[in-house]
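Data first, discussion second: the structure below is written as structure tokens.
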Amino acid sequence: MGFPGFSRELPKFLARLARNNNRDWFERNRATYEEHYVQAAREFVSAIGPELQKLAPVHAEPRVNGAIMRINRDVRFSKDKRPYKDGLHLIFSEGQARGGPGFYVRIGASELALAAGLFGFDAEQLATYRRAVVEPKRAKSLRAAFAKAARAGDIEIGGRHYKRVPRGFDADGPGAEWLLHRGLWAGINEPLPDALFGPGAVRSIAARLKCMAPVERWVAETLS
């Protein structure tokens, strides 16, 4: 855990990028991006990866398009044509193609977001998930996983999407509330903590994700 912490230049860079989200500005500030975004992210991933791999068999490659998501946005099918994301996004997934459950870290200009689970199920995963949550024991173990995750702080139960229980399922049955989900994760969004900018950054974030790991493990074991 030799990571010294992120520089406070990172949130400053992200705040300026949000106001100047264009290629010309980005290229003029590429040196800041390379040092305080890319290089810092590589060092952080190298340090926290082994800690997260104690919790789950996640990939933690310290490179862009590995655990570090590209800062470039895919604008091909979006009305929002801003070329860059205004945050540092890290993903530690059990799936090589990022299609499996895992842990997520996002550092913005003024907030930190952490999550554990899976943001969206594909069709096969969704069918498997639904069969699981209607089993009383599985529904009970899922509630227990979120109870453990709450030790990390004021968590969000993420992934709820549908307004009605899908056809063919009992709306009053065990686990019915979970049938409204299209993904499932425990998440936290909070102001940037001071710990992020010091040698305790890895320890602090790893401890929070460890609390949320039971949700990630429940999803992973259910979909396996």
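The values are calculated or read from the model by the stated rules, or taken from the named source; none is laboratory data. What you see is a predicted model, and the numbers here were worked out from it, not measured in a lab. With ideal geometry, Cβ positions are generated from the backbone for all residues, glycine too; neighbour counts draw on all protein chains shown.
To keep it simple, each residue is scored yes or no on (1) in contact (Cβ under 8 Å) with a residue 40 or more places away in the chain; (2) more than 28 Å from residue 42 (Cα to Cα).
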{"residue": "142", "(1), (2)": "yes, yes"}
{"residue": "145", "(1), (2)": "yes, yes"}
{"residue": "168", "(1), (2)": "no, yes"}
{"residue": "177", "(1), (2)": "no, yes"}
{"residue": "191", "(1), (2)": "yes, no"}
{"residue": "202", "(1), (2)": "yes, no"}
{"residue": "208", "(1), (2)": "yes, no"}
{"residue": "216", "(1), (2)": "yes, no"}
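Let's see how each residue does on (1) at pLDDT 95 or above; (2) among the small types (Gly, Ala, Ser); (3) over 19 Å from residue 140 (Cβ atoms):
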| position | (1), (2), (3) |
| --- | --- |
| 186 | yes, yes, no |
| 194 | yes, no, yes |
| 201 | yes, yes, yes |
| 210 | yes, no, yes |
| 215 | yes, no, no |
Taking region 147-176 and the residues there that are surrounded by 15 or more Cβ atoms within 10 Å (Cβ to Cβ) and farther than 16 Å from residue 119 by Cβ, the one that is nearest to the chain's Cα centre (by Cα) would be 152
Looking only at residues in region 181-206 that are among the charged types (D, E, K, R) and within 21 Å of residue 157 (Cβ to Cβ), which one is surrounded by the fewest Cβ atoms within 10 Å (Cβ to Cβ)? 190
Residue within region 30-47 that is part of a loop (DSSP other than H, G, I, E, B) and either within 14 Å of the chain's Cα centre (by Cα) or over 30 Å from residue 224 (Cα atoms) (or both) present: no
